[in-house]
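Reviewing the structure listed below.
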Amino acid sequence: MSAIGSKGLILNEKLIFERSTAGRCGYDLPLLDVPSVEPDRSLLRDEIEGFPELSEVDVVRHYTRLSTWNYGVDSGFYPLGSCTMKYNPKINEVVARLPGFAHLHPATPDHLSQGALQLMYDLQQALCEISGFPALTLQPSAGAQGEFAGMLMIHAWHQAQGNKRHKVLIPDTAHGTNPATAALCGYDVVPIASDGVLSIEAVAAAMDDSVAALMITNPNTLGLFEPNIREICELVHSRGGLVYCDGANLNALLGICRPGDLGIDVMHFNLHKTFATPHGGGGPGAGPVGVSAALEPFLPVPVIMKEEDGYRLVADRPLSIGQLRTYASQFGILVRAYAYLLSMGPQDLKRATELAVLNANYIRARLEGSYHLPYKQRSLHEVIFSDADLPNDCHTLDVAKRLLDYGFHPPTIYFPLVVQGALMIEPTETESKQELDEFCDALIAIAEEAKSSPHLLHEAPVNARTRRLDETLAARNPRLRWEKS
Amino acid sequence: MRYLPHCDQGIRSMLDTIGVEKINDLFSGIPENCRLPRDLELPAPLAEADLQRHFQALAAESSVDGSWSRFLGGGYYDHHIPAVIDHLISRSEFYTAYTPYQPEISQGTLQAVFEFQTLICQLTGMEISNASLYDGASACAEAVLMALRCSRKRSKVMLSRGLQPRYREVVMTYVRYLDVELIEVPLAADGRTDEDAVKQLLDEDVAALVVGYPNYLGVVEEIESLSRLAHASGARMVVAAAEPLAMALYRSPGEQGADIVVGEGQSFGLPLSYGGPGVGFIAVRQKDMRSLPGRLVGETVDKDGERGFVLTLSTREQHIRREKATSNICSNQGICAVMVSIYLSLLGKNGLPQLARDNYSRTTYLREQIAALPGYSLPFTTSVFNEFVISCPRPATEVLKRLEEDKILAGIDLINDYPEIKNGLLICVTEQNDRAQLDRFVDALKGAAA
């Protein structure tokens, strides 16, 4: 077994509540230099039952131990398809923590926040150049909120035209957020079947004057560029609809193709994917949205304006869809993304895309004999295999769990839904040939194990912190918080 | 480029394995008429040292150095952040991980979030909390959507005028194209939600009553009586807390009958960061568990019977239910939730209530002195926590400008959100404001009266 997964001392650690010792506190309060006053007694609560009591050392040990049970991009290869788990540069963490950014209150007057506003404005301009859209909002908190903002703008545009359209077309390869977003905007979802890519005929057949928009992902979740995208956009426009593009896979297009040039009306970015901001074990992300000129008046407020005497946040925009969050953006994430963009520059952004596509195709070439490849077309930044050829009752989940034993994070599994037992591999550009080879060697070895010793797959993982966890039990008998026993 | 590990020789050998001549051949799937025929026009790349200088220059221009006193609240609060937090979340096993889809190698995140869910329940007095939402305003909007889901046929939602104005706007955005009527409940003269108006406006079509606690004007609402009214007509009581530190001092919304408690967790160890990322939370009753939006972590066992944690009840979510999901949410605020857990663990049962008391004492000290100043008055004398409104002798914008000359950011002008309050200024005090700052503030206000 040629694995980087190996032995190590794993320390056990209880829940923070179980570590608690009465009377401890991990924080010394600043001296109270004003008279202590008693609030209205009738308003007061009792002690916060169950809250932990710990020293600073207790807390540090607790979270340090927990961290060692995690696997991050800094630990190793993390080829989650559609998630673009590229390396998160460390200087970005440093600049996001500069006091002038980290301690800036969002209600600070604009004339005392010029540096922050300039950064946002410059990032906005750079993202417009990269995507080909003339206008953009940085406000959405994540990709899904970006989709929401985009679809609200589409709805608002139709309403302004006096259109009453109630359907949204969504290909069967789409992320689940697309249909969920359309529903949140009051639309009925009409799925369209695709055969790897979307045909003009399929869109033409579904496109009538009740359709507000088509939501498309390009390249799609099979890693395939939609070759008919220009014609499809023309068709949708000619029948009075708009086109939304899910930009989750933008890492395949930097400097090569600009979605805004293709006729697409709205697209969200995932800064935590394409622009290297850390995923944080689930967030925060940031989901800016680029729009065509026709949709510009509907952007969420506030917008950032550059005027003669500086930058300003402007909320007075009568056609705007409104505000999406308490304050203007996930600013700390924007700082990191902009630092990434400036570190890379235009040539290396394009280079990143080229190498991401090279890496994905290299993995594909190395694994093609060992795993079933359902779509033969040339794919871009990711490649999707299926478990169709695996013998001895071995499935995608078993392969994924066995990969843990070898020391790798598994690919995205069972997505897209159109592929049986999908293994969706997106290596990104920040992995070297050596890393990819080790990963491919592991997957090839696992395919062999499936033939010769399938129990190794079924029993996996054995090297991880826990054995396979019982997800059915968790759902059947939900325990969502600790309770004192 | 230092982030790109490839060398020419390696690329050559990879291309050979793939069986193509050059990298460009890999892009054959993109039609010519979709290609960008030019280079991107972006700034030339910066080396790390140059980058750092550039960002230092951008960050220099602001009001955060020690020479300024700041009294800004309004939903984001300047509390001291223990050094431990940044130290711990800089462990990249935490911050460079993805959503914990592979629980066997994500137990760190999963357990930390399970603890977050528990801490939020304990603080709010509620039964179930999710793994976090984007921020306070979007959490409030999700609470409204959830209340509508839970009471299928009802289509009205009542929002108190005391609710954070941005929260109200975000709710409006979220229900923009759904068949929902939003009704504003006025405030009574004491700054609390007007109970008589609530009684009049409540009917069988109202799904939820949403109230701030404390409200945007700093006033502590009577959640218990409002809950009773809401429940009597079958509506859910939603409490939105922009400053949840108040809950360490005042009765929890849970014990006062709230059905859904949402809020912003930024106060608990997160930097202000110009308004984001923060961390929204939502806590509910057991009966509404399956209507919750967002991620949930649950306890289970592994194959050997050992305790472990997994993402659970995902049949509510978009990746399974698609257009029938409880929300379109995919991410949460992961690392920010961990920051909150670390903060609450450090302060804990003993420190957090004391911090809340001290905030109250500092606020009372300032509030009483300003109230005694000629020309200034308190429009509301009801109990507050660490924020309060004053009426200035001249437009608040002029007062703010005058105090800026003394390097004091005096508060938030209420002219746009609450024009009915004459020359209203919203002032916030935390443990970051020592007595010297408070005294200087009072002096400066005195000087700005004329």
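Annotations
- For the stretch A:188-200, a residue qualifies if it is within 18 Å of A:Gln377 (Cβ to Cβ) and of a type outside the set (Ser, Thr, Tyr), and the qualifying residues are A:Ala193, A:Asp195, A:Gly196, A:Val197, A:Leu198, A:Ile200.
Here's the yes/no breakdown for (1) within 30 Å of B:Tyr98 (Cα to Cα); (2) in contact with a strand residue (DSSP E or B) (Cβ under 7 Å, 6 or more places away or on another chain):
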{"position": "A:Phe17", "(1), (2)": "yes, no"}
{"position": "A:Leu29", "(1), (2)": "no, no"}
{"position": "A:Asp33", "(1), (2)": "no, no"}
{"position": "A:Val37", "(1), (2)": "no, no"}
{"position": "A:Asp40", "(1), (2)": "no, no"}
{"position": "A:Ile48", "(1), (2)": "no, no"}
{"position": "A:Asn88", "(1), (2)": "yes, no"}
{"position": "A:Arg97", "(1), (2)": "yes, no"}
{"position": "A:Thr108", "(1), (2)": "no, yes"}
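- Scanning the stretch B:18-46 for residues that are more than 41 Å from the chain's Cα centre (by Cα) and surrounded by fewer than 17 Cβ atoms within 10 Å (Cβ to Cβ) yields B:Gly19, B:Glu21, B:Lys22, B:Asn24, B:Asp25, B:Ser28, B:Pro31, B:Glu32, B:Asn33, B:Arg35, B:Pro37, B:Arg38.
- Among residues of the stretch B:241-254, those that are of a type in the set (D, E, K, R) and at the interface with chain A (Cβ under 7 Å from one of its Cβ atoms), counted: 1
- A:Gln118 vs. criteria within 9 Å of chain B (Cβ to nearest Cβ), surrounded by fewer than 24 Cβ atoms within 10 Å (Cβ to Cβ) and either part of a helix (DSSP H, G or I) or in contact with a Ser or Thr (Cβ under 7 Å, 6 or more places away or on another chain) (or both): yes
- Residue that is farthest from the other protein chains (Cβ to nearest Cβ), among those in the stretch A:377-390 that are part of a loop (DSSP other than H, G, I, E, B) and under 22 Å from the mean Cα position of the chain (by Cα): A:Glu382
- Residue within the stretch B:189-199 that is under 25 Å from B:Tyr76 (Cβ atoms), in contact (Cβ under 8 Å) with a residue 12 or more places away in the chain and under 17 Å from the mean Cα position of the chain (by Cα) present: no
- Single match in A:Leu9, A:Leu32, A:Leu43 (criterion: out of contact with any helix residue (DSSP H, G or I) (no Cβ under 8 Å at 6 or more places or on another chain) and within 29 Å of B:Glu221 (Cβ to Cβ)): A:Leu43
- When the residues of the stretch B:74-114 are filtered to those that are of a type in the set (D, E, K, R) and under 26 Å from B:Asp358 (Cα atoms), the one that is surrounded by the most Cβ atoms within 10 Å (Cβ to Cβ) is B:Asp78.
- A:Arg336 satisfies every condition listed in (1) modelled with pLDDT of 95 or more; (2) of a type outside the set (A, V, I, L, M); (3) surrounded by fewer than 21 Cβ atoms within 10 Å (Cβ to Cβ) except (3).
- Subset of the stretch B:312-346 [among the aliphatic types (A, V, I, L, M) and either touching a residue at least 40 places away in the same chain (Cβ under 8 Å) or not assigned by TED's automatic domain parsing to the domain that holds B:Pro277 (or both)]: B:Ile329, B:Ile335, B:Ala337, B:Val338, B:Met339, B:Val340, B:Ile342, B:Leu344, B:Leu346
- In the set (1) free of Cβ contacts under 8 Å to residues at least 40 places away in the same chain; (2) more than 12 Å from chain B (Cβ to nearest Cβ), the condition left unmet by A:Cys394 is number (1).
- Flag for B:Tyr250 being free of Cβ contacts under 8 Å to residues at least 40 places away in the same chain and either under 13 Å from B:Glu142 (Cβ atoms) or aromatic (Phe, Trp, Tyr) (or both): no
- Test set (1) within 12 Å of chain B (Cβ to nearest Cβ); (2) touching a residue at least 60 places away in the same chain (Cβ under 8 Å); (3) of a type outside the set (D, E, K, R); (4) not in a helix (DSSP H, G or I) - A:Val419 fails condition number: (1)
- Within the stretch A:154-167, the residues that satisfy the criterion of being assigned to a helix (DSSP H, G or I) and farther than 10 Å from A:Ala213 by Cβ are A:Ala156, A:Gln159, A:Ala160, A:Gln161.
- When the stretch B:124-164 is filtered for residues that are surrounded by fewer than 24 Cβ atoms within 10 Å (Cβ to Cβ), assigned to a helix (DSSP H, G or I) and of a type in the set (Val, Ile, Thr), nothing remains.
- Considering B:Val310, B:Val340, the condition of being β-branched (Val, Ile, Thr) and either assigned to a loop (DSSP other than H, G, I, E, B) or more than 7 Å from every other protein chain (Cβ to nearest Cβ) (or both) is satisfied by B:Val340 alone.
- Looking only at the stretch B:222-249, residues that are outside any helix (DSSP H, G or I) and surrounded by fewer than 24 Cβ atoms within 10 Å (Cβ to Cβ) come to 4 in all.
Every residue, every condition in (1) crowded, with 21+ Cβ neighbours inside 10 Å; (2) assigned to a loop (DSSP other than H, G, I, E, B); (3) touching a strand residue (DSSP E or B) at 6+ places or on another chain (Cβ under 8 Å), yes or no:
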| site | (1), (2), (3) |
| --- | --- |
| B:Leu366 | yes, no, yes |
| B:Gln369 | no, no, no |
| B:Val389 | yes, no, yes |
| B:Pro393 | no, yes, no |
| B:Leu400 | no, no, yes |
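- Every residue from the stretch B:126-172 that is of a type outside the set (A, V, I, L, M, F, W, C), at the interface with another protein chain (Cβ under 9 Å from one of its Cβ atoms) and within 15 Å of B:Asp288 (Cβ to Cβ): B:Glu127, B:Ser129, B:Asn130
- Pairing residues of the stretch A:92-113 that are within 16 Å of B:Pro277 (Cβ to Cβ) with residues that are aromatic (Phe, Trp, Tyr) and outside any helix (DSSP H, G or I), at Cβ distances under 8 Å and at least 6 apart in sequence or on separate chains, gives A:His105/B:Tyr76; A:Pro106/A:Tyr327; A:Pro106/B:Tyr76.
- Those residues of the stretch A:450-468 which are more than 8 Å from chain B (Cβ to nearest Cβ) and buried (at least 21 other Cβ atoms within 10 Å of the Cβ), in sequence order: A:Ala450, A:Leu457, A:Ala460
- Of the residues making up the stretch A:466-485, those that are among the acidic types (Asp, Glu) and either over 25 Å from the mean Cα position of the chain (by Cα) or in a loop (DSSP other than H, G, I, E, B) (or both) number 2.
- Within the stretch B:137-154, residues that are not assigned by TED's automatic domain parsing to the domain that holds B:Lys287 reach no partner that is assigned to a loop (DSSP other than H, G, I, E, B) with beta carbons closer than 7 Å at six or more positions or on different chains.
- Hey, A:Ala22 more than 8 Å from every other protein chain (Cβ to nearest Cβ), surrounded by fewer than 18 Cβ atoms within 10 Å (Cβ to Cβ) and modelled with pLDDT of 95 or more or not: yes
- Filter result for A:Asp437 (more than 19 Å from B:Thr312 (Cβ to Cβ) and away from every other protein chain (no Cβ under 13 Å)): no
The values are calculated or read from the model by the stated rules, or taken from the named source; none is laboratory data. The structure presented is a predicted model; accordingly, all values stated were derived computationally and were not measured. Every residue, glycine among them, receives a Cβ derived from its backbone with ideal geometry; neighbour counts consider all protein chains shown.
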